[in-house]
Amino acid sequence: MQILNEKIKRTSIRFVNELPNEIIVRPGMPAVLQFETHNMCGSCLKCDTPSCIYLDSDVIKCEKVKEFPEDRDNRVCPVGAISWNEKLEAPVIDDSKCIHCGLCARQCPVGAIYYGEDRINICYDADGYEEEPYSSSTICQQKKFINEIRNKKRTGCFTPKNDHVLEELYRRIQSSCLLPEKFVRNIMVGLGCKCATRRVGDVYVRMDAIYNTPNGTFGAIEVEFGADTLSAARGILDDIAVLHSRYQIDKHHNTALVVCLSLPNLRQGYWQVVKDIAVVENIKINTLTCGAMLVLIG
Amino acid sequence: MYIRGAVSSLIQIFFCNNLNLHKYERGEIMIRFRNPGTQFDTQVHVIQILYENLNEQDSFTLQDMASVIAQERLMTAYGYAGDAALALSNTENESMNSALMNAKMYAEVFRMLGWVTPSGEKSYPLEFTYIGAHVALAKGDVKKLYEQCVFGINNPNELTARMSYTEQVRFFKCALHSFIDLDGIMYKHELSLGPMSVNDVSATEYDSMIARIKALRGNATRLKKAFLELAASLNMKPTPVDNCTRLPVALLKSCGLVVSYATNKLYPPRKMECLRITKHGKEAFAQLETMKDLRIDEFNSYDKDIQNALIRLGIYSMLQRAGYDTSPVEEIMSVDEALCHEILQEKSLLFSPYQTIRHDKIDEAMGFSKEKTDNPVAASVLDESKVFVGSRTAVNAITNWDLDVETKARLEWLNLGEDADFLNRVNELVGMGKNKEDIVKTLFEYYSTAKQGTFYPLISTLFKIMGFQCAFSRPGDNGARWDAIIDDERRSIPIEIKSPTEEEHISVKAIRQAVENKIVLLSRRTHITEPGVTTLAVGYRLPNERAEVSRLIQDFKNTYGIKVGVIDLYALLTVAISILIDGVGFDKEKLYGLEGMISANS
């Protein structure tokens, strides 16, 4: 049985022959790569495995609970707005789908993806990059460059943090059909954590997600983008109990997190219940909005 | 009703001979897509992992699949993954074995997509197909090949155990055609009434189907009536008919052929969650229209050489359209194209052999000779796990309350109108000469449709009869976190109540709420209680997922030291009626320390 090969429609690949000292992300334009003697603009590397489209499979697993049946969909974009364009041999963004979360930009090793003129853009053609034929040796060279540049200092911010940008982000989130759990997972990954979500439709897994920070903090996550935040508080109690009882994760070493679209209002009773849980069980439940988490990403 | 075709096949055609129900030209017939897992990514991950683990075997069984799926953490059971899930899901009753059912679900989807095929005459064991191997080994985006497989789904085919269909449809092509003819937008029930219930080979029948849907539009009541009539004609309830649209909708969306679109245009003024064809959907249909759509009847009419050429061309052209490099088989394709020139007339071939004919014919055409390896069907891994069944049964246990304690009803507490109503009802039944069991059964049935406004006071009445001072919250009273509370001097018990109209079986959600009630009570101290006293979840019936609920109750106890008791209406009625008629109840102390589910023995 002869297995046919998928056609590889790649002719070129890019990288830089030296490493910058720092990458400065800027709103409105691609990042600046600062070298000793000169600066360069972030520009699409046409990555062999584009990290703006696919997350590394290691970061969507959480080693602390090896048995966790994580969802293995490793796409970065929660709404599928970024895709590979075979003609361009580069990623492209469909603004009609894009929610402006910037998760793809966070993953780009050289800051080629930027927010400007009310949309997410990709810079394709800045100077200074080596454009080489697509081959196993150039793929290796590119991989080495990407691995090394990821360890370089990265400063600056992706968007100006003003009401207009956040309002537009929320408007787009609410009118999109994104899966909140995967969106939150990818935000956590953007924040440098490892995060695993349960598979869509797997009703037997109690928690929406679990995470590990680089310094070893572990926690369960409940995601509630609707108004039923009380059920998120109950869900977290459930998650902590299951992890404590079945997976030997001490309830006091579980930095549980509820992620909402907006903070619950007082009438919903959420805050009082969170306080009750702290009083009775000495367990603190953390609450974050996805907007705040995206601000933290930069 | 005659069901034609194998029950186990994914696509079944239901035929009803009740002429009174023939409202549609062919409305009595509908492709019945099962309702399996519909996530594209998960399907691809699962086939890749199955191939990696089972490819070396000549064939594989559902149990082999279940074993791999569980061990690779692609399924969970009762909150566990991996071997524990496999062990816990293993029961004597095959239909209750979630690991096997999970495997069967994937097997059905993969067979429908042409990725696996029956290895012999029977539906199982299975083997991977040539197309399935390409999906499993793909390094890049498999969406294009996936889409080819979606377009390959056609009916009738030889893959069902019996082949007696005459109805013909290449559903996804027909669905795209329908979208285009219906202004690009369709509601899911229009799929059931339209392309799922049509013979697309007949232009007249297709046109009449489109005209029928156009005539329904503008009036939601008309659509609902038509949908209910379709369900009745299929001798099915509306929900399963609705469920039949899930898989086609998911496949259409996964391939980017349609997107969700909320609009009130079709059935004003109601805004409905419809589907809208995408640019890609239109382009895909335009391409399909230019192709030679080969169905089984025509295929079978050709001689063997032509059939073999069509099989090869069908498979290779699918891969070619999916972006595979077919240059190694270019020569074979050229010769086959020349041989089939009159049939194809310069058109590309739309024919997916693995989704249409049995694989022995395909093997012959493709030159795949089956070399018997030393790897027969793997022995069942599940058998070894049976040792775990005992532990699962143990957590399923329900504690019985024996009714052997002399108890007088606290009639002085029964002073509300709702209390009097209940007592009058019991008196009436006693007056009718009914015995205790009959009274309990009658009342249990009577309250089967009770709403919160009736059910909460009822539960309170029953606890009062049992000698517990119980107060309920009126629906809409958001200030109280619990639905009722046993107000005790030292050991108050909060009660979470689920009326049968909210949920017939007590759910995990109710258990969680019971835990929250206990925490709130301990924190806010509105009533005096102790940490070790139970918190109750009361509902119409005990949980369906008893094993999972029992485990969760154990988890809560282990982690927070909170005891959750679960009681259904039947048990409460049994105790209360026993007290009212015989003056015999249960040991009340047991309620304060209750943990888990109980029933009552009269």
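The values are calculated or read from the model by the stated rules, or taken from the named source; none is laboratory data. Quick caveat: nothing in here was measured; it's all calculated off a predicted structure. Neighbour counts are summed over all protein chains in view; Cβ atoms, including those assigned to glycine, are modelled from backbone coordinates with ideal geometry.
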Exercise. Could you list, in sequence order, all residues of the stretch B:179-233 that are under 26 Å from B:PRO156 (Cα atoms) and in contact with a Cys (Cβ under 6 Å, 6 or more places away or on another chain)?
Key: B:TYR187, B:PRO195, B:ASP200, B:SER233
Self-check item: Complete set of residues in the stretch B:549-581 that are more than 12 Å from chain A (Cβ to nearest Cβ), out of contact with any strand residue (DSSP E or B) (no Cβ under 9 Å at 6 or more places or on another chain) and surrounded by fewer than 20 Cβ atoms within 10 Å (Cβ to Cβ)
Solution: B:ILE581
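Residues checked against (1) farther than 14 Å from B:PRO353 by Cβ; (2) within 11 Å of chain A (Cβ to nearest Cβ):
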residue: B:ALA103; (1), (2): yes, no
residue: B:PHE110; (1), (2): yes, no
residue: B:LEU113; (1), (2): no, no
residue: B:THR117; (1), (2): no, no
residue: B:GLU121; (1), (2): yes, no
residue: B:PRO125; (1), (2): yes, no
residue: B:ALA138; (1), (2): yes, yes
residue: B:ASP141; (1), (2): yes, yes
residue: B:GLU147; (1), (2): yes, no
Quiz item: Of the residues that sit in the stretch B:508-546 and are more than 26 Å from A:TRP271 (Cβ to Cβ) and polar (S, T, N, Q), which one is nearest to the other protein chains (Cβ to nearest Cβ)?
Solution: B:ASN544
Self-check item: Counted residues, the stretch A:263-283 - those being touching a residue at least 12 places away in the same chain (Cβ under 8 Å) and in a helix (DSSP H, G or I)
Solution: 6
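Okay, residues lined up against (1) in a helix (DSSP H, G or I); (2) among the β-branched types (Val, Ile, Thr):
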residue	(1), (2)
B:THR526	no, yes
B:THR529	no, yes
B:VAL533	no, yes
B:ALA537	no, no
B:PRO543	no, no
B:ALA547	yes, no
B:ASN558	yes, no
B:ALA571	yes, no
B:ILE577	yes, yes
Quiz item: So which of B:ARG551, B:ARG491 ends up being touching a residue at least 12 places away in the same chain (Cβ under 8 Å), basic (Lys, Arg), part of a loop (DSSP other than H, G, I, E, B) and over 29 Å from B:LYS441 (Cα atoms)?
Solution: B:ARG491
Self-check item: Residue check for B:VAL520: buried (at least 19 other Cβ atoms within 10 Å of the Cβ) and modelled with pLDDT under 95
Solution: yes
Practice problem: Would you be able to tell me the number of residues in the stretch A:137-185 that are assigned to a helix (DSSP H, G or I) and within 14 Å of chain B (Cβ to nearest Cβ)? | Solution: 6
Practice problem: Mind telling me which of the residues B:ALA514, B:ALA547, B:ALA537 ends up being in contact with a Lys or Arg (Cβ under 6 Å, 6 or more places away or on another chain) and within 27 Å of A:ARG206 (Cβ to Cβ)? | Solution: B:ALA547
Quiz item: Which helices (runs of 4 or more DSSP H) does the stretch B:208-308 wholly contain that include 3 or more residues that are in contact with a Phe, Trp or Tyr (Cβ under 9 Å, 6 or more places away or on another chain) and touching a residue at least 40 places away in the same chain (Cβ under 8 Å)?
Solution: B:220-233, B:238-243, B:246-254, B:279-289
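Rundown of residues vs (1) surrounded by fewer than 14 Cβ atoms within 10 Å (Cβ to Cβ); (2) closer than 21 Å to B:ARG525 by Cβ, yes/no style:
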site: A:ASN254; (1), (2): no, no
site: A:VAL259; (1), (2): no, no
site: A:SER262; (1), (2): yes, no
site: A:ARG267; (1), (2): yes, no
site: A:TYR270; (1), (2): no, yes
site: A:ILE277; (1), (2): no, yes
site: A:ILE283; (1), (2): no, yes
site: A:MET293; (1), (2): no, no
Quiz item: Of all residues in the stretch B:319-365, which are part of a helix (DSSP H, G or I), buried (at least 21 other Cβ atoms within 10 Å of the Cβ) and either within 11 Å of another protein chain (Cβ to nearest Cβ) or among the β-branched types (Val, Ile, Thr) (or both)?
Solution: B:LEU319, B:ILE362
Quiz item: B:PRO156 fails exactly one of the following numbered conditions: (1) crowded, with 19+ Cβ neighbours inside 10 Å; (2) closer than 23 Å to B:LEU350 by Cβ; (3) at pLDDT 95 or above; (4) touching a Gly at 6+ places or on another chain (Cβ under 9 Å). What is the number of that condition?
Solution: (3)
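So, B:GLU496, is that one under 17 Å from B:LEU462 (Cα atoms) and free of Cβ contacts under 8 Å to residues at least 24 places away in the same chain or not? Talk me through it step by step, then tell me what you get.
Values: under 17 Å from B:LEU462 (Cα atoms): yes; free of Cβ contacts under 8 Å to residues at least 24 places away in the same chain: no.
No.
One line per residue, one yes/no per condition, for (1) among the basic types (Lys, Arg); (2) within 12 Å of chain B (Cβ to nearest Cβ); (3) more than 24 Å from the chain's Cα centre (by Cα):
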residue	(1), (2), (3)
A:ALA241	no, yes, yes
A:LYS251	yes, yes, yes
A:TYR270	no, yes, yes
A:LYS284	yes, no, yes
Exercise. Scan the stretch B:490-502 and give yes if some residue there is crowded, with 21+ Cβ neighbours inside 10 Å, aliphatic (A, V, I, L, M) and in contact with an Asp or Glu (Cβ under 7 Å, 6 or more places away or on another chain), otherwise no.
Key: yes
Quiz item: For the stretch A:245-262, which residues satisfy the criterion of being touching a Phe, Trp or Tyr at 6+ places or on another chain (Cβ under 9 Å) and over 13 Å from A:ILE221 (Cβ atoms)?
Solution: A:SER245, A:ARG246, A:TYR247, A:ILE249, A:LYS251, A:HIS253, A:LEU261, A:SER262
Exercise. Can you work out which of the residues in the stretch A:1-30 that are of a type in the set (S, T, N, Q) and away from chain B (no Cβ under 14 Å) is nearest to A:ILE139 (Cα to Cα)?
Key: A:SER12
Quiz item: Going by the structure shown, is A:PHE183 closer than 25 Å to A:THR49 by Cβ and in contact with a Phe, Trp or Tyr (Cβ under 8 Å, 6 or more places away or on another chain)?
Solution: no
Practice problem: Kindly provide the set of residues from the stretch B:535-548 that are farther than 17 Å from B:PHE444 by Cβ and crowded, with 24+ Cβ neighbours inside 10 Å, ordered by number. | Solution: B:THR535, B:LEU536, B:ALA537
Exercise. Might you let me know whether the stretch A:119-138 holds any residue that is crowded, with 17+ Cβ neighbours inside 10 Å, in contact with a helix residue (DSSP H, G or I) (Cβ under 8 Å, 6 or more places away or on another chain), in contact (Cβ under 8 Å) with a residue 60 or more places away in the chain and under 26 Å from A:CYS260 (Cα atoms)?
Key: no
Self-check item: Residues being under 20 Å from the mean Cα position of the chain (by Cα) and within 11 Å of chain B (Cβ to nearest Cβ) - total across the stretch A:64-78
Solution: 8
Self-check item: Residue satisfying all of: in the stretch A:49-63; in a loop (DSSP other than H, G, I, E, B) and surrounded by fewer than 16 Cβ atoms within 10 Å (Cβ to Cβ); farthest from the chain's Cα centre (by Cα) among these
Solution: A:THR49
Practice problem: Quickly run through the stretch A:194-229 and pick out the residues that are among the aliphatic types (A, V, I, L, M), within 12 Å of chain B (Cβ to nearest Cβ) and surrounded by fewer than 20 Cβ atoms within 10 Å (Cβ to Cβ). | Solution: A:VAL200, A:VAL203
